[in-house]
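Accompanying notes for the structure given below.
The values are calculated or read from the model by the stated rules, or taken from the named source; none is laboratory data. This structure is a prediction, so every number in the text was calculated from the model and none was measured. Here the Cβ positions follow ideal geometry from the backbone for every residue, glycine too, while neighbour counts run over all protein chains shown. Calculation scope for accessible area: heavy atoms of the full protein, side chains included, ligands and nucleic acids excluded. Shrake-Rupley method; radii C 1.70, N 1.55, O 1.52, S 1.80 Å.
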Amino acid sequence: MNRGQRIREAMSSGRGAHWHPTDALVRGAALGVGMVVLGGLIHRVELVLLGAPLLISTLVALVTAVGGKPDVRVRGLPRTGETGAAKSVVDVDPGVGAEVLVIRLPAGRTGLGPLHLLPASARSIEVVLRRDAWGEGVDLRPDHLVAGPDALLVHGPVTAAERGRVILPPVHQLPAGLLPARAMGLVGVHRAGRPGDSVELRDIRAFAPGDRLRRIDWRVSLRAGNLHVREHHAEADADVVLALDTRFDVDREVGDWAVAAKGVTTRADGSLDLAVRAAASLAAGYLRQGDRVGLVDLGRPQLGVRPGVGRRQLLRLRNQLVVCARSAGWAQKPVLRAEQVPFGALVVVLSPFLDADVVELTVHAARRGNVVLAVDVLPAGLRPDPETAWGGPALRILELEHEVRLEAMRRHGVAVVTWDARAAAIAGVLRQAARPGRRR
């Protein structure tokens, strides 16, 4: 039996994390002693010559000093990360007298990876980790076994602790579009209805007590014969509330809607995947402008995030989107409380709009005076269930009901847009929705 076979046998033995002899040592000792004794009794030299190497190698393994507790540690693995490849380092202390190290490491792809046979002299092992999907997952579990001379004495196998990261939803560069004005101060990038100090002209009027001299328009004043001043719009911040519908997660295969996805947090390119990616991208765009962005989970309101600004808020929102996706599931009714939406905020509802409850919630938000944007994340190109003859008609009914819901929201003054990776239509839709005197 060679060394590799002994190691594989030891890895499958299931013994605890301590130094112990393998079955090969027991067989080698018994066979070596037996062949030497039998060869001496029946005067057969060939038996002695075959048994002596087995006996000697067994004795050498027994007299070689092995000990200590092998230690395997992972460093350089952050708690959060982005999609793609990342690097980590595994530090190994094999103990005394070790010759061979067997360790499970990923091979630059998703999963725990195969077993690697390395010399025990390896102290630091660089590992390439790759995750192509956002969400929680295990990146590394360094199961290991350390073998002494000829793999006759081993320590392990040891099932290590799982080490994972939270891969944040990706952010796409998108146009943020026009936001409703909310004058919380003379800062921001959005035009407010009140006068202020921006560069956009609001009106030219007669001079009044309290006006600053630098605002006087001398050309108009000379023509009119009395002083006139230029009045500009104020630039205000805006609040944005991203309302995420986590009650549904459907993909293009209508026949799989009633079947739970196994082994993944969300369906790839499904409605929840699109909604999370859209929410992360919109949050990044608005926060880049200096606006305040918050998050509401319509299925589980306790998972929301209050509006905030800055890079820390974006990191907080992306982490919370993963938490919302992990806790996603059917809820009896979507919830969007009035206290969760600041007055005058833009409400972005991200949903596949598969029931009337979320439509009613969206319309109520618009009736409270907020500008509401309904982002439809139902995947395009739905395919009927091939296992039933009614798959085609059922899909057609579903599509018609979906279009009726979208049209009902439009009639109540809700801006509706279908999400895609470019989202070029969002700016135009919001510009029309925020226009004064828009039809409700």
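Looking at 52, 98, just one residue is over 20 Å from the mean Cα position of the chain (by Cα), under 18 Å from residue 150 (Cβ atoms) and outside the structural domain of residue 29 (by TED's automatic domain parsing), and that residue is 98. Selection over segment 84-121 of residues that are surrounded by fewer than 14 Cβ atoms within 10 Å (Cβ to Cβ) and either of a type in the set (Lys, Arg) or in a loop (DSSP other than H, G, I, E, B) (or both) gives a count of 7. Checking each residue in segment 384-418 for being assigned to a loop (DSSP other than H, G, I, E, B) and on the phi < 0 side of the Ramachandran plot picks out 384, 385, 386, 387, 388, 389, 390, 412, 414. Evaluate the following for residue 6: is it assigned to a helix (DSSP H, G or I), open to solvent by 70 Å² or more (accessible area, probe 1.4 Å) and modelled with pLDDT under 80? Answer is no for this residue.
Listed here are the residues, each with its yes/no results for (1) under 16 Å from the mean Cα position of the chain (by Cα); (2) open to solvent by less than 30 Å² (accessible area, probe 1.4 Å); (3) of a type in the set (Val, Ile, Thr).
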{"residue": "259", "(1), (2), (3)": "no, no, yes"}
{"residue": "265", "(1), (2), (3)": "yes, no, yes"}
{"residue": "269", "(1), (2), (3)": "yes, no, no"}
{"residue": "279", "(1), (2), (3)": "yes, yes, no"}
{"residue": "288", "(1), (2), (3)": "no, no, no"}
{"residue": "298", "(1), (2), (3)": "no, yes, no"}
{"residue": "305", "(1), (2), (3)": "no, yes, yes"}
{"residue": "312", "(1), (2), (3)": "no, no, no"}
